[in-house]
Amino acid sequence: MQIEFPPLQNDTILRAARGEVTSHVPVWIMRQAGRYLPEYRALRATEEFFTVVRTPELATEITLQPIERFPLDAAIIFSDILVVPQAMGLEVQMIKGRGPVFPEPLAHPDDLKRLVEPDVKKELGYVYDALTLTRKTLNGRVPLIGFCGAPWTLMAYMIEGGGSKTFSKSKSWLFKYPKDSHSLLQAITDVLIDYVIAQVDSGAQLIQVFDSWAGLLSPRAFNEFALPYLKQIATALERERPEVPKTVFAKGAHYALESLSEAGYNVVGLDWTMDPRQARERVQGKVALQGNMDPCMLYAPPEAIRQEVKSILQQFGEGGYIANLGHGMHPDHDPEHARVFIESVHEFSQKEHMSL
Ligand code: 1CP
């Protein structure tokens with residue numbers, strides 16, 4: 001049964017994702033809901049991270065916090081990529097000052113037996129409820145983005161047990177146990193496909209896949225262990241829910257830009273290390289681009305941020321462009337500097353400014 005939602009009043013991000021020229025460049029920020037916002041910290045002072053994620057009213061409230069503050073062109077559902085490993089049977093704790101920790105990560109291929117094939121409708125139902133409530137509460141102001149982690153990035157966390165500098169345990173699996181690695185990646189992909197389709201059915205209007213650790217792989221390893229699974233997700237979404245645009249953000253994967261532009265996604269997200277003009281040339285108009293201001297630029301004075309935004313907009317040029325940072329907000333960023341970023345994207349990209 002299809003859920004009825006209020007009509008959308010601002011669809012610029014959806015049209016830009018399809019490559020169109022829009023009245024202004026749409027903008028959102030990765031991690032726009034989070035620790036740099038005092039209202040987020042206030043709520044987190046009394047509620048555990050995963051309690052917030054699992055309580056639709058709280059997840060909706062936090063998703064809307066940056067929307068209430070800033071003229072953003074999209075909301076992203078407050079959740080985490082690690083809810084999928086949780087649903088597959090691994091415990092994940094959020095430790096203050098350290099981030100996510102798996103007390104019992106996958107240490108050896110024998111441990112794959114510990115994973116369960118989840119009933120995603122049941123195990124991740126709280127995400128769908130949060131999406132539906134958020135979409136209704138947004139009341140058509142801006143589109144709602146759903147997301148998941150990419151198979152390789154999730155595998156890396158499941159083996160590493162948390163964040164890591166080198167991710168050498170998970171990378172060594174690829175080379176020591178290639179067959180088991182493929183089984184794990186396929187098992188994760190199967191879950192993700194059901195998961196993102198159900199996100200669309202619950203209210204997500206664009207899906208972003210985060211391959212945060214793609215940059216750790218060699219081009220050859222990426223082509224064998226990351227790309228085929230990213231393609232499976234895009235292909236399944238295109239077949240099942242073609243109306244919803246798809247974005248892939250493979251951080252650090254410079255070498256893969258051409259193949260990512262042919263992987264079935266509408267938008268490719270860029271980190272700040274890539275040159276916008278060269279990226280445009282390399283993707284040959286096959287996809288829209290998203291990004292890519294260095295998050296550390298937000299520590300600069302407002303006028304420097306404005307100049308950087310102007311330059312980035314000029315380098316990306318018109319149409320098929322979604323402004324964002326090259327990675328997420330940092331907890332010590334000043335929210336007013338995020339405002340300068342967002343407002344100057346709008347100011348400098350209004351039609352009458354484009355010719356200046
Ligand atoms: O203490 C806290 O309040 C937790 C901080 C936090 C937040 C705000 C975590 C823990 N996750 C989130 C929310 C989150 N995570 C969102 C919300 C929506 C938004 O963008 O506003 C999203 C999209 C994510 C996705 C996510 N989680 C990624 C992919 C994006 C990226 O940054 O590369 C990754 C890698 C994670 C894992 C994770 N969850 C949290 C942390 C601190 C981390 C990184 C751990 C590490 O590797 O060091």
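Every number in this text was worked out from the coordinates using simple rules, so none of it is lab data. Keep in mind the model is a prediction, meaning the values are calculated, not measured. All Cβ positions, glycine included, derive from the backbone under ideal geometry; neighbour counts span all protein chains shown.
Mean residue ellipticity at 222 nm, helices only, the chain: -13000 deg cm²/dmol; runs of at least 4 DSSP H residues each add -39,500 (n - 2.57), and the sum is divided by the number of residues.
So what's the net charge close to residue 315: Lys and Arg +1, Asp and Glu -1, counting the other residues with Cβ under 11 Å from its Cβ?
Working: positive: 277, 280, 310; negative: 275, 308.
Charge balance in the 11 Å sphere: +1.
Between the stretch 132-183 and the stretch 224-274, the C-alpha centres lie 14 angstrom from each other. Put a dot 7 Å past the Cα of residue 201, heading toward its Cβ, do the same for residue 243, and the two dots end up 1.5 nm apart.
Here the Debye sum runs over all C-alpha atoms of the stretch 73-119 as equal scatterers in vacuum, and log10 of I(q)/I(0) at q = 0.25 Å⁻¹ comes out as -0.98. Against the chain, whose longest principal axis comes from its Cα atoms, helix 227-240 is set at around 70 degrees.
Be a star and scan the stretch 169-204 for residues whose amide nitrogen sits under 16 Å from the point 7 Å along the Cα-to-Cβ vector of residue 107. It comes to 169-170, 173, nothing else.
Close amide H contacts of residue 292 (hydrogens built in the peptide plane, cut-off under 5 Å, sequence separation of 5 or more or a different chain): 324.
Of all alpha-carbon pairs in the stretch 177-311, indicate the percentage at a distance above 26 angstrom.
Details: 2683 of 9045 pairs.
Cα-Cα pairs in the stretch 177-311 separated by more than 26 Å: 30 percent.
Here the 3J(HN,Hα) profile of the stretch 178-191, calculated from phi with Karplus coefficients 6.51, -1.76 and 1.60 at θ = phi - 60°, is x, 5, 5, 4, 5, 4, 5, 4, 5, 4, 5, 4, 4, 5 Hz, Gly and Pro shown as x.
Given an 8 Å cut-off on Cα distances and at least 6 residues of separation, report the relative contact order of the stretch 206-297 as a percent. Could you put the intermediate results ahead of the total?
Details: 127 pairs, mean separation 26.7, N = 92.
With pairs under 8 Å counted, the relative contact order is 29 percent.
Residue 337 sits among other residues whose Cβ lies under 13 Å from its own Cβ, and their net charge, with Lys and Arg +1 and Asp and Glu -1, is -4.
Relative intensity of the stretch 252-321 on a log10 scale, I(q)/I(0) at q = 0.11, 0.16, 0.23, 0.24 Å⁻¹, equals -0.27, -0.55, -0.99, -1.05, per a Debye sum over C-alpha point scatterers of equal strength in the absence of solvent.
Quick one, what does Rg over Rh come out to for the stretch 107-166 if you take C-alpha atoms and the Kirkwood Rh? List each step's numbers first, then the result.
Details: Rg = 16.3 Å, Rh = 14.6 Å.
Ratio value, two decimals: 1.12.
Axis of helix 56-69 versus longest Cα principal axis of the chain: the two differ by about 30°, to the nearest ten degrees. Please give the Cα centre distance for the stretch 313-344 versus the stretch 2-69, rounded to the nearest Å. Their Cα centres are 15 Å away from one another. Among 140-148, 106-114, the peptide with the highest mean count of other Cβ atoms within 10 Å heads the list, and the full ranking is 140-148, 106-114.
As a length-normalised measure over Cα pairs under 8 Å and 6 or more apart, the relative contact order of the stretch 227-356 settles at 22 percent. Working note: Karplus 6.51/-1.76/1.60 with θ = phi - 60° gives the stretch 320-336 the couplings x, 9, 10, 7, 6, 7, x, 6, x, 4, 9, x, 9, 6, 7, x, 5 Hz, where Gly and Pro are set to x. Relative to the compact-globule estimate of 2.2 N^0.38 Å, the Cα radius of gyration of the stretch 121-214 comes out at 1.28. Ranked by the mean number of other Cβ atoms within 10 Å of their residues, highest first, the peptides 300-309, 65-74 come out as 65-74, 300-309.
Count the DSSP beta bridges whose two residues both fall in the chain, then state the antiparallel fraction as a percent rounded to the nearest 5. If you can, show how the numbers build up before the last one.
Details: 4 of 28 bridges.
If I count the DSSP bridges inside the chain, around 15 percent turn out antiparallel.
Orientation-averaged projection of the chain equals 16.5 nm² [convex hull of Cα atoms, one quarter of hull surface area]. Short-range pairs are left out: with C-alpha atoms under 8 Å and at least six residues apart, the relative contact order of the chain is 23 percent.
Please give the net charge around residue 198, taking every other residue with its beta carbon less than 14 angstrom from that of residue 198, where Lys and Arg add +1 and Asp and Glu add -1.
Working: positive: 121, 122, 135, 241; negative: 119, 123, 129, 190, 194, 201, 240.
Every neighbour counted, the sum reads -3.
Taking 19 Å as the cut-off, the amide N atoms of the stretch 59-78 that come nearer than this to a point 7 Å along the Cα-to-beta-carbon line of residue 42 belong to 59-71.
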